[in-house]
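Right, one structure below, let's go through it.
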Amino acid sequence: GLPPNIRDRGYFTELIETKKTAWSELLVSRDTGQMIVVCAVPEVEGSRIAGGIGATVNVHSMEELIISISSGSGTVYALMDDEGLLIYHPEERLLNKRLGVDLHDEAGRDIMEFVNSEEEIYFEFLINNRNLMLKKYRMETAGYNLISISYMESLMAPVDAIVRNITIGIMVLTFFVI
């Protein structure tokens with residue numbers, strides 16, 4: 001059959017206007033009904049587009065890869081576009097939520113500083129009553145950011161246990177010395 005008409009898709013419009021590679025937001029494929037992300041690359045001859053090539057990435061495949069690199073309950077990974085939109089997150093309720101618009105830091109810190117930062121450093125935020133450490137890695141080939149989300153309570157649990165054991169040990173020693 002004929003290929004689906006993509007003229008109304010944002011990435012296609014962007015490609016036509018800029019004559020540069022364009023990435024879609026999270027879309028439902030008209031062909032399969034699956035959640036996808038599309039990359040479209042134009043072939044430019046002079047000032048006109050002579051053709052192009054596109055690639056479709058099934059979000060389920062990306063999800064499996066991201067889950068495989070997550071380190072248990074302490075750290076999970078998500079995909080975010082350059083405007084802070086969560087393309088993938090292991091918690092479905094956070095899909096298509098935008099940092100700084102739908103999700104805010106409850107301690108008043110500017111979450112857009114993280115979204116707009118080009119540095120690969122950790123940022124601390126309080127979101128949904130959870131202390132988080134966020135770090136983003138730009139994936140140039142995919143046009144998105146891989147976000148490392150570390151939950152402080154999970155990261156600090158082993159440290160808290162050590163501190164608790166040392167405190168108990170000191171109390172026991174103090175009891176026997178006195």
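Listing for the model above:
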quantity: Efficiency of FRET between ASP102 and GLU17 - r from beta-carbon atoms, R0 30 angstrom, step 0.05; calculated: 0.65
quantity: Relative contact order for the chain, counting Cα pairs under 8 Å that sit 6 or more residues apart, in percent; calculated: 13
quantity: Alpha carbon centroid spacing (whole Å) that separates region 33-61 from region 69-122; calculated: 26
quantity: Net lengthening on full extension, ARG48/ASN128 (0.36 nm per residue, minus Cα-Cα); calculated: 24.0 nm
quantity: Reach of LYS97 by Cα under 15 Å, taken over aspartates and glutamates that are not fewer than 8 positions away in the same chain; calculated: GLU25, ASP81, ASP82, GLU83, ASP105
quantity: Highest-MSF residue in the chain out of MET133, MET35, MET80 [GNM, Cα springs under 10 Å]; calculated: MET35
quantity: Total formal charge among the other residues, if their Cβ is under 12 angstrom from that of ILE127, Lys/Arg +1 and Asp/Glu -1; calculated: -2
quantity: Using distinct alpha-carbon pairs, which all enter the 1/r mean, Kirkwood radius of the chain in Å; calculated: 19.2
quantity: Förster radius 41 Å - calculated FRET efficiency between SER29 and THR167, Cβ distance, rounded to 0.05; calculated: 0.15
quantity: Carbon + sulfur, % of accessible area of the chain - ligands and nucleic acids excluded, 1.4 Å; calculated: 56
quantity: Computed [θ] at 222 nm, helices only, for the chain once each DSSP H run of length n ≥ 4 contributes -39500 (n - 2.57); calculated: -9500 deg cm²/dmol
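The values are calculated or read from the model by the stated rules, or taken from the named source; none is laboratory data. Everything numeric in this text was worked out from a predicted model, so none of it was measured. Ideal geometry is used to build each Cβ from the backbone, glycine not excepted, and the neighbour counts take in all protein chains shown. What goes into the accessible areas is simple: the full protein's heavy atoms, side chains included, and nothing from ligands, DNA or RNA. Shrake-Rupley method; radii C 1.70, N 1.55, O 1.52, S 1.80 Å.
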